[in-house]
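Below is one structure, written out as structure tokens; comments come after it.
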């Protein structure tokens, strides 16, 4: 944890009106969290999962 004097110095930071992003790289630090996949399920298993989601008040998509 920072001491109070160090934190007070950070409180004086001013945001600039404009920033130059001409050399920026789009998506440089982006890492997708989901992986797209296809899965085929039997109808009875699908109905079970929908019912379970409903019972636990979860969004089913």
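Derivation of every value follows stated rules applied to the coordinates shown; laboratory data play no part. Not measured: the values here are computed from a predicted model. No Cβ is skipped: glycine too gets one built from the backbone with ideal geometry, and neighbour counts run over all protein chains shown.
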Open item on the list: Exactly one condition in (1) outside any loop (DSSP other than H, G, I, E, B); (2) surrounded by fewer than 10 Cβ atoms within 10 Å (Cβ to Cβ) is false for residue 46; which is it?
Closed with: (2)
- [ ] Give the residues of the range 17-48 that are within 19 Å of residue 60 (Cβ to Cβ) and within 15 Å of the chain's Cα centre (by Cα), sorted by residue number.
- [x] 34
